[in-house]
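A quick write-up on the structure given underneath.
The values are calculated or read from the model by the stated rules, or taken from the named source; none is laboratory data. Since we're looking at a predicted model, the values are computed, not measured. Note: ideal-geometry Cβ built from the backbone for every residue, glycine included; neighbour counts use all protein chains shown.
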Amino acid sequence: MQKPQSSEIGTLLLEIGALLMSSGANTNRIRLTMQRIGKSYNFKTDFLITHRAIILTLKDSDGNVSFNELKQTYNHIPNFKIVSGLSKLSWQIVEEKLSVKKAKEEVKRLKSLPHYPRFIVLSVVAFACSAFCRLNDGNFIEMLFVFIAAFLGLFLKQELAKKKVNPYVNIFIASFFSATIAGSLGLLLPYKHDNILFITSILYLIPGIQLINSISDILDGNTINGMVRAFIGVVVSFAISTGLLLAILIFNTN
């Protein structure tokens, strides 16, 4: 009976760890969550958490290895519903002594939660970019231009992602596209703050989660994961800046 139980628990822990990593959790949160759940089921957990895979070993109370397996993470798409839901689940397992079966059902439920409607996401993100334009003294016409550029740029980015375009190429194209739209609208109705409008139209591409998690991981001693996330953030930033620069050069903006 021991082996099936440890296998179920190990599979559950790997699934939770992979979901947390893919959804934008930092390494320390993943480690604490997996340890908490493993301890609740009377297993000692040893694991290696990387950006692309998690290796887990379970040991029983006598120190015998009863589970050892590797699981690759999923595509890295931030989803804080998953992160907060799995964190809450880990405490439910501890406090309410949930069975493995019920825990798996909850994980399945969290994975099936619907996303916000696409139009809402596009609109809110575009509005946030236009709000930054306003904070930098942009007028309402410029805010409208930024809204349109960010809305269409994010729409294009999502469409390219569906077609499995390389994510860094995708970001470059989206950056260039949004900045080009901003510049093109300016040809129809000139505005005052050229640089502000160009820059705020591509703010939706900034890799904030990667950069924040990289600092968090390094401070927590998870140096390798922190450096990987920092490097990804740098590459993304380079793709954004290259697309923006190309658009600015085309419109010969100071």
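Could you list, in sequence order, all residues of region 7-19 that are in contact with a strand residue (DSSP E or B) (Cβ under 9 Å, 6 or more places away or on another chain) and buried (at least 20 other Cβ atoms within 10 Å of the Cβ)? Of everything in region 7-19, those that are in contact with a strand residue (DSSP E or B) (Cβ under 9 Å, 6 or more places away or on another chain) and buried (at least 20 other Cβ atoms within 10 Å of the Cβ) turn out to be Ile9, Gly10, Leu13, Leu14, Gly17.
For (1) part of a helix (DSSP H, G or I); (2) of a type in the set (Ser, Thr, Tyr), each residue gets a yes or a no:
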residue	(1), (2)
Ser6	yes, yes
Thr11	yes, yes
Ala25	no, no
Asn28	yes, no
Leu32	yes, no
Gln35	yes, no
His51	no, no
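Taking (1) surrounded by 15 or more Cβ atoms within 10 Å (Cβ to Cβ); (2) among the charged types (D, E, K, R); (3) part of a strand (DSSP E or B) in turn, Lys104 satisfies each apart from (3). Within region 63-82, one or more residues are surrounded by fewer than 17 Cβ atoms within 10 Å (Cβ to Cβ), in contact with a Leu (Cβ under 8 Å, 6 or more places away or on another chain) and part of a loop (DSSP other than H, G, I, E, B). Of all residues in region 128-138, none satisfies being at positive phi and not assigned by TED's automatic domain parsing to the domain that holds Thr180. Asn139 falls short on exactly one of the conditions (1) at pLDDT 90 or above; (2) touching a Lys or Arg at 6+ places or on another chain (Cβ under 9 Å), and that condition is (1). For region 50-61, the candidate set comprises residues that are within 17 Å of Leu13 (Cβ to Cβ), in contact (Cβ under 8 Å) with a residue 24 or more places away in the chain and under 25 Å from the mean Cα position of the chain (by Cα); within that set, the residue that is surrounded by the fewest Cβ atoms within 10 Å (Cβ to Cβ) is Thr50. Annotation note: of Gly221, Gly208, Gly243, Gly233, the sole residue that is in the same structural domain as Asn166 (by TED's automatic domain parsing), at pLDDT below 90 and closer than 24 Å to Val124 by Cβ is Gly208.
Going by the structure shown, is Ser123 among the small types (Gly, Ala, Ser), out of contact with any Leu (no Cβ under 8 Å at 6 or more places or on another chain) and in the same structural domain as Asn225 (by TED's automatic domain parsing)? So Ser123 passes the test.
Applying a threshold of 6 Å to beta carbon distances and a minimum spacing of six or more residues, or different chains, the list of pairs starting in region 62-91 at a residue that is closer than 16 Å to Tyr41 by Cβ and ending at one that is acidic (Asp, Glu) reads Ser66/Asp60; Leu89/Glu106. Inspection of region 174-197 identifies at least one residue that is surrounded by 15 or more Cβ atoms within 10 Å (Cβ to Cβ), touching a Cys at 6+ places or on another chain (Cβ under 9 Å) and at pLDDT 90 or above.
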